[in-house]
1. What are the ³J(HN,Hα) values, in whole Hz, obtained from phi via the Karplus relation 6.51 cos²θ - 1.76 cosθ + 1.60 with θ = phi - 60°, for each residue of the stretch 247-263 in sequence order, with x given for Gly and Pro?
2. Find which of Ser169, Pro382, Ser324 sits farthest along the positive direction of the dipole of the chain, computed with +1 on the beta-carbon of Lys and Arg, -1 on that of Asp and Glu, about the Cα centre.
3. At q = 0.16, 0.35 Å⁻¹, what base-10 log of I(q)/I(0) does the Debye formula yield for the stretch 188-227 when every alpha carbon is treated as an equal point scatterer in vacuo?
4. State the three equivalent ellipsoid semi-axes of the stretch 282-368, derived from the C-alpha gyration tensor as the square roots of 5 times its eigenvalues, in descending order and whole Å.
5. Amide H of Val299 versus every other amide H placed in the peptide plane: which residues, excluding those fewer than 5 positions away on the same chain, fall under 5 Å?
6. Once you wrap a convex hull around the alpha carbon atoms of the stretch 256-411, what is its projected area averaged over all directions, in nm²?
7. Evaluate the Debye formula for the chain with equal point scatterers sitting on the alpha carbons, no solvent, and hand back log10 of I(q)/I(0) at q = 0.09 Å⁻¹, in q order, two decimals.
8. Please give the per residue volume of the convex hull enclosing the alpha carbon atoms of the stretch 30-115, rounded to a whole number of Å³.
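Laboratory data are not the source of any read-out in this text; all were calculated from the coordinates shown. These numbers were taken from a predicted model, which means no experiment stands behind them. Cβ placement follows ideal geometry from the backbone for every residue including glycine, while neighbour counts extend to all protein chains displayed.
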Amino acid sequence: MEVRIIHYLCTKIIYKKMFAQKISDTLYYVGVNDRKNELFERMISLPHGVTYNSYLLVDEKVTLFDSVEICYAEESIDKIRRVLGERKVDYMILHHIEPDHSSGIRQYLAVYPDMQLVCTKKAAEMLQGYYGITANIKTVDEGEELSLGSHKLKFIFAPMVHWPEVMMSYEQTEKILFSADGFGCFHTLDGAVVDKQLNIEPYIAEMERYYVNIVGKYGLPVQNVFKKLADYSIDTICSLHGPVWQEHKDRVMGVYDRLSKYEGAEGVVIVYGSMYSHTEAMAEAIACGAHEITKNVIVHDASKSDVSQIITDIFRYKGFVVGSPTYNGAIYPRVQEVVERIEHRGLKNRVFAAFGSFTWAGQAVKLLNEFGQRMKYDVVDPIEVKHAMQGDDDYNRLYSLGREVALKCKN
Ligand code: FEO
């Protein structure tokens, strides 16, 4: 069974010669681009792909920072061999055991059987559970240091960002933070690795979508890590996904700080489901009212927009308006999925309103309104219509709802 699964995932991978990219005199990028996988964690869309990052530090000790996803392990190992020749790897630091970073580990061990695996105790349990690996593991404690020659690492635990075994490491000579998934983003690296060589705007957009969908539930643990990082002077951030951050590291840390505090910018996101356009027409009226107050209005049809982008936009803005017809005595399923994902992530501090329509018995708007109250949002009175908007009065009520939500977001 295991062989069949690996075969399925790897059928499109062919062997190709790959080359490491230099980040500094001693540090190399030996990670990989994944342009084939369409769904991260088998559910989050990857329109611009993703990277699995790995870094090689060459000093008196040779240290590899994390492995990559199994289908790409040979590609990464080929890069490492080109840098090292006959030299061996002494340490592999494992910051995070989620399989996008660990499933290739047996392939690395086949080439470098003597390298020591350095990780937290919780990570060691996962190595045994996932891969049966128990030998040559060095577990470290919070604040412990490891000398590599002229470079020295200090380990910083980051539990629940976004798994419990996660740690980061800080290299004191070059002031590099190896940040695990932290400060990561979706999007491949198209020819360059370091931020100053890239147009970073697409990466920032994909960073927000990455944060919200992968880390979004864990705002408090992210804030706890920020408190620890305040003690460190950081010149370079080497994350497990996306660019190496130097020039724009403060902006990137700002993105994670803002999102993990659940702060929303001024603006309104309107999400609706609509089978026959009656609820959609209500959404249009609300959008017009909101636009009287703010330029930042986004309308999503939950049946068409990518749900990972919908919830990213809801994290981005302060106003959240959601509409649904009553469907089988409940919320329309595509809308239900959106509110469930938001509730699951515990998004706080929103101005909220519900709206919708029904044909013979209303229920969806009541349930959506209860969702807003359960989340302790600032809830504006909901609006529900029978069949469809009937005229100017209905239009004006919905227009006013949009205006009111937008005004509250401004204050
Ligand atoms: Fe990139 Fe949580 O794995």
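1. Calculated HN-Hα couplings, in order: 4, 10, 5, 5, 4, 5, 5, x, 4, 5, 5, 4, 5, 6, 8, 6, 7 Hz.
2. About the Cα centre, the residue reaching furthest to the positive side is Ser169.
3. Each listed q corresponds, in turn, to -0.55, -1.08.
4. Ellipsoid semi-axes (Å, largest first): 20, 16, 12.
5. Correct list: Ile270.
6. 8.2 nm²
7. With one equal scatterer per Cα and no solvent, log10 I(q)/I(0) is -0.61.
8. Dividing the Cα hull volume of the stretch 30-115 by its residue count gives 86 Å³.
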